[in-house]
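First the structure, in the form of structure tokens, and then the observations on it.
Derivation of every value follows stated rules applied to the coordinates shown; laboratory data play no part. All values reported here derive from a predicted model rather than from experimental measurement. Every residue, glycine as well, gets a Cβ built from its backbone with ideal geometry; the counts of neighbours run over all protein chains shown.
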Amino acid sequence: MTLAPSRTVPARPQTRRGRLVATYDDRAGTAVLDASSRHLVRRFSGGLTPELTAEVKAAGGGRQWFEQQLKPGRVTDAPGDEIDSWYPWLRLSAKQMFQNDQAETRSVWDVATDLSRWTTLRRIASKRQLQEVMVDFWSNLLNVSLFHDDAIFWRMDYDRVIRAHALTTFDELLNAAITHPAMGLYLDNAFSSKESPNENLGRELLELHTVGVDAGYTEDHVKASARMLTGYRVDIWDPSFRAFYDTSWHDTHAVQVLGFHHANRERDGRAATKAYLTYLAKHPATANRLARRLCMKFVSDQPSPAIVKAVAKAYLANGTAIKPTLRALVDHPDFIDGAGLKVRMPTEDYVATVRALGIKILKPTADESFANAMYWQYSDNGQPPYEWPAPNGYPEVDGAWASAGRVLTSFTVHRDLAARWWPTDQAQFPKFASLLPPMPATLAEVIDHNGLRMLGQRPSAACRNGIAELLGMSLTKRLTKDQALDYWTIRGILASLLDSPQHLHR
């Protein structure tokens, strides 16, 4: 069994001259967005909620909300600020983490696990939803695996760097990421010298981070790329895990990579390295590759040449600036034609599930607290943040996440959370009675009411019929409040809505 393709997502919105036309009404009385706004917000958030719907409406629509989100510093984020206070270990330096690890005060592996939890919590609760989505995107493109034995001490600082540059320019982001100690340790550049250059980072910089394998670079170019990056070191034998630039290790031979030429005569090669990374960031092949990857993430697995070209053009015309690049993507007619075409990756599904169920996660006080225990739940789902071991990051195409095993695991998570089985400590769940429309009401009305609240749209006929069959009753059956709140009735409705293609797609 696999996730069904988009044709099984019922009531696929019709398009008219690049605008989505709503195909539902609001008989249940729940606030909904127009289809165009709904699609935009689902792609650039962790999932619709009634609160987010109200924010979008207050902003004037999805496009206006998108513009507000492009300026995260202006978005008040009380929930995110609260979560930030829960994990003070994340703010420590690499030296402090190493010292605590050696003293067995706090294992660095526990701190890295906290980074995963904190990241997931921010995706669930932060008001800066677009920033969280873009941090995920760039972290995947510039992957540094979380539990790498050496990089782990610098991995929390690397996350801060990605966040600081997630909506600036790719030029700035690339320069900061490639020269960062975590990247240097992960891909061995921290041990690369002029006498013994290591090619790992020099190769992945070309193959994965910028121009891609079709750009025409050669093995000589890879070697030159590695030589240019020499000098950035981390002393793993020093208790401070000191990161520094060592001029005695930098190779000073001339460098030629694709169309880039540099004499590279200075012992301090940092200026030359910056020129090299900027050249790669602004290369047309990088523009095309990043544009295609953005379109695959936010539009469809097979984006048209037209939208890729438009996004790449905006990227180059704006000096690799990320915000106008994203505007070009969402303003292209192909963007709204992609509604229902992307499967949620497992952690995206987990985040959207917690949001859809209205679970408020509280400050953890023990291992069984929701904020801590959820790590084991979403890890079992197959895609915990930053744990892909290879430099290429998690795959973002639907086929990688549409297997029977993944679907069944997600169904289990949906049931556990909808039924409020585990985890539940230090978490607030809405009262089941608050999830009902004015009672008595038909089963169909109860389903629709919750569908509009959880999915942002009316459930499909197939979904409604499936729930009725599961519960063994007719959609037209009128239910009293007590009947609707029967143990398996309300829980079955919630879990089934989460299992629907409308939830499993974004």
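Brief remarks follow.
- Contour minus Cα-Cα distance for Trp237 and Arg160 (0.36 nm per residue): 25.3 nm
- Computed from phi, the 3J(HN,Hα) profile of segment 316-321 under the Karplus parametrisation 6.51, -1.76, 1.60 (θ = phi - 60°) reads 6, 5, 10, x, 6, 4 Hz, with x in place of Gly and Pro.
- 3J(HN,Hα) along segment 342-353, derived from phi through the Karplus expression 6.51 cos²θ - 1.76 cosθ + 1.60 where θ = phi - 60°, amounts to 10, 7, 5, 5, x, 6, 4, 5, 5, 4, 5, 5 Hz, with x in place of Gly and Pro.
- In segment 104-180, the ratio of gyration radius to Kirkwood radius, Rg to Rh, stands at 0.98 when only Cα atoms are counted.
- Order by protection proxy (mean Cβ within 10 Å, highest first), peptides 353-363, 79-89: 353-363, 79-89
- Backbone phi angles across segment 155-165, fed through the Karplus curve with coefficients 6.51, -1.76 and 1.60 (θ = phi - 60°), yield HN-Hα couplings of 5, 5, 5, 4, 4, 4, 5, 4, 4, 5, 10 Hz in residue order; Gly and Pro are listed as x.
- Label zone of Trp376 (point 7 Å out along Cα→Cβ, amide N under 14 Å): in segment 351-367 this covers 366-367.
- Evaluated at q = 0.15, 0.20 Å⁻¹, a Debye calculation over the C-alpha positions of segment 316-466 (equal weights, vacuum) places log10 I(q)/I(0) at -1.03, -1.33.
- Sparsely packed chymotrypsin sites (Phe, Trp or Tyr not before Pro) within segment 389-455, loop by DSSP, other Cβ within 10 Å at most 15: Trp421
- Reach of Lys309 by Cα under 17 Å, taken over lysines that are not fewer than 8 positions away in the same chain: Lys282, Lys297, Lys323
- You can think of it this way: the chain between Ser434 and Asp149 has 97.8 nm of extra reach, that is 0.36 nm per residue less the Cα-Cα gap.
- Contact order relative to length of the chain, as percent, for alpha carbon pairs under 8 angstrom and 6 or more apart: 19
- Taking 0.36 nm per residue of separation and subtracting the current Cα-Cα distance, fully stretching the chain between Thr424 and Val397 would add 6.5 nm.
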